[in-house]
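Comments concern the structure below.
All of the numbers you see were taken from the coordinates with simple rules; none came from a lab. Given the structure is predicted, the values throughout are model-derived calculations rather than measurements. FYI the Cβ positions are ideal-geometry reconstructions off the backbone, even for glycines, and counts take in every protein chain you see.
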Amino acid sequence: MSFDHALEGALAALRDGGNLRVPRTIEALGGGWVRIEGRDVLGLCSNDYLGLAADDPRAPIPEGATNGLRAVSGSERGAAASRLVSGTRPIHRQAEGALAAFTRTDASLLFSSGYAANVSCIPAIAEAGDLLLSDSSNHASLIDGCRLSRADTIIFPHLDLPTLQERLTELAPRYRRTWIVTEAIFSMDGDVAPLSDLRRLADQHRAFLYVDEAHSLGIRGPEGSGLCAEERVRPEVFIGTLGKAFGLAGAFASGSTHLIRWLENRARGFVFSTASPPHQAAEILVAIDRVRHADAARAQLLSHTTRLRSALAHLPFALVGGDNSAILSVIVGDPHQVMAFTDQLLERGVFVQGIRAPTVPPGTERLRIVPSAAHSAQDIDAAIETLVSVLEAPP
Ligand SMILES: *Cc1c(COP(=O)(O)O)cnc(C)c1O
């Protein structure tokens, strides 16, 4: 059988199981709306929490944020090589300094994506003879980072601190170093890790803490500086992404100066990868400023989720998240049914993507509903009306 023939069969099996994914083409986005096949629909499935991904082009660039943009020549399109090879630009360092200050850490290092950051940083900090204790709901990039590292990995049940404590007591003494790896707000369940408790457990067992703030940076903490800042917890490694609340792309690791020096030498997604274009680093400076001044947007965002949560509470589906985070999941539990809901909602002008395995465990297929601060109260009212009418009458 040819490889292509085998693929055809494998794709048919995915389709029959309700698990074939096809990226949907959208023609435009902005203000919490997306255009699909010429029709504007409410977008409730991006991570553009603060509405910064597609800014109103008429909005002025915030004061103090223009220096970075001016420092980059308009004719420069790419960075041309890894920063270790062809040199780092002042704008990269400037962005990293600003990200470190923003996250209350000593230093930061840019990566081309959050995926690259996690698959690079975990193998850089944990090697053979070390132990990684990883939450069972951690993002694929954290899972893959653990797999790529030569450390032993043990998955603990989601947010189960007693089990984590047992593992630490039993196993940490047998390893050179032990790491607890967690998200701050979990991407699919929208629930919040008890970072202070995790820090305390780590300290009690001489373990270290690795926190991925992909869904809390820009949302929680003073000026959106994250959940670690809010709880005054200092992890040894802090990961922030720039493709979500920041509305850009890319990511960064933060921590001590020594950590960042080490990552510059050992994080393979930094060492062996072309630096992000200088103009992108300049945009980070602008975005930090926008995020810092977005208190009203943060309040608006969380109030949207709270309203969605209470309006959907009577439906015959379990709801997870949406409590102090912007992510609310309606657990449907079947891949065919969740995609039927997605299609019906889209027909009625609301775009909510069905989330299936392997992104979530089979049997927990869900509608992951994420509003944006760019939505108005009326947008949310309209979304609620449509969601309730579709979900009250399962297909
Ligand atoms: C989205 C996400 C990432 C990946 O970030 P990208 O910049 O999109 O590659 C990493 N960690 C978590 C928890 C995420 O949700």
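Charging the Cβ of each Asp and Glu at -1 and of each Lys and Arg at +1, and nothing else, the dipole of the chain about its Cα centre rounds to 1080 debye.
Between amide H atoms placed 1.01 Å from N, distances below 5 Å from ILE369 occur with LEU328, SER329, VAL330, all of them 5 or more places distant or on a separate chain. Based on DSSP H segments of at least four residues, each scored -39500 (n - 2.57), the chain has a per-residue ellipticity at 222 nm of -12000 deg cm²/dmol. Near ALA245, the amide H atoms lying under 5 Å from its own belong to TYR49; only residues 5 or more places off or on other chains count, and H is placed 1.01 Å from N. Alpha-carbon geometry of the chain: the Rg and the Dmax are 21.5, 63 Å, given in that order. Checking the a/c ratio against 1.5 first, then a/b against b/c, what shape does the Cα gyration tensor give for the stretch 182-245? Judged from the Cα gyration tensor, the stretch 182-245 comes out prolate (a/c at least 1.5, a/b above b/c). Looking at the stretch 76-292 only, what percent of DSSP beta bridges run antiparallel? Nearest 5 please. The antiparallel fraction comes to roughly 35 percent.
Backbone amide hydrogens, once placed in the peptide plane, bring ASP135 within less than 5 Å of PHE156, VAL181, excluding anything fewer than 5 places away on its chain.
Applied to the stretch 342-347, the Karplus parametrisation 6.51 cos²θ - 1.76 cosθ + 1.60 on θ = phi - 60° returns per-residue 3J(HN,Hα) values of 4, 5, 5, 5, 5, 4 Hz, with x for Gly and Pro. Using θ = phi - 60° in the Karplus curve 6.51 cos²θ - 1.76 cosθ + 1.60, the 3J(HN,Hα) couplings for the stretch 133-142 round to 9, 10, 4, 5, 9, 4, 4, 3, 5, 6 Hz; x is entered for Gly and Pro. Taking the Kirkwood radius as Rh and the Cα radius of gyration as Rg, the stretch 72-172 has a ratio of Rg/Rh equal to 1.10. Checking every one of the chymotrypsin sites (Phe, Trp or Tyr not before Pro) in the stretch 222-295 against DSSP loop status and a limit of 16 other Cβ atoms within 10 Å picks out PHE272.
In vacuum, with every alpha carbon of the stretch 76-292 counted as one equal point scatterer, what does the Debye formula give for log10 I(q)/I(0) at q = 0.11, 0.14 Å⁻¹? Two decimals, please. Each listed q corresponds, in turn, to -0.48, -0.78. Given DSSP loops and a limit of at most 14 other Cβ atoms within 10 Å, what is the longest stretch of the chain that contains no such GluC sites (Glu not before Pro)? Here the longest run is 128-395. DSSP assigns beta bridges within the chain; of those with both partners inside it, close to 55 percent run antiparallel.
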